[in-house]
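What follows is a set of notes on a single structure, which appears directly below.
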Amino acid sequence: MEFPVLKMGSRGQEVRRWQKFLSRNQGIKLDPASMALDGVYGPGTTQGTRTYQINKGLVSSGIVDSTTYVQAVEDGFDPIIDV
């Protein structure tokens, strides 16, 4: 199964799930002025993703790509969308 690449401008349930993972599971402080758990991949989500990638020794692109997904799943991220 392939997962969607999440990046600036992405929207939807996948983004919201990623935002929850960053803020609740990884303890990454997301700037409330620029990022809510709203399903919109904006500047706050990009910065939170970069922080996560740096913490894990990944390339800090701010984009949730396959390498980031693999690490996140190892860290407890569940990328499956409830239907």
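Values computed for the structure shown
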read-out: Inter-residue pairs, beta-carbon under 8 Å, first on the phi < 0 side of the Ramachandran plot and at pLDDT 90 or above and in region 33-60, second crowded, with 17+ Cβ neighbours inside 10 Å and of a type in the set (Lys, Arg), 6+ apart; value: SER60/ARG50
read-out: Restricting region 11-32 to residues that are touching a strand residue (DSSP E or B) at 6+ places or on another chain (Cβ under 8 Å) and among the charged types (D, E, K, R), the residue that is modelled with the highest pLDDT; value: ARG11
read-out: Selection count where residues are in contact with an Asp or Glu (Cβ under 8 Å, 6 or more places away or on another chain) and within 14 Å of ASN25 (Cα to Cα), scope region 57-83; value: 1
read-out: Close pairs (7 angstrom Cβ cut-off, 6 or more residues apart or separate chains): surrounded by 13 or more Cβ atoms within 10 Å (Cβ to Cβ) in region 1-27, at pLDDT 95 or above and of a type in the set (Gly, Ala, Ser) anywhere; value: PHE21/ALA72
read-out: Residue check, GLN71 at pLDDT 95 or above, over 11 Å from LEU6 (Cβ atoms) and crowded, with 20+ Cβ neighbours inside 10 Å; value: no
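The values are calculated or read from the model by the stated rules, or taken from the named source; none is laboratory data. Given the structure is predicted, the values throughout are model-derived calculations rather than measurements. All Cβ positions, glycine included, derive from the backbone under ideal geometry; neighbour counts span all protein chains shown.
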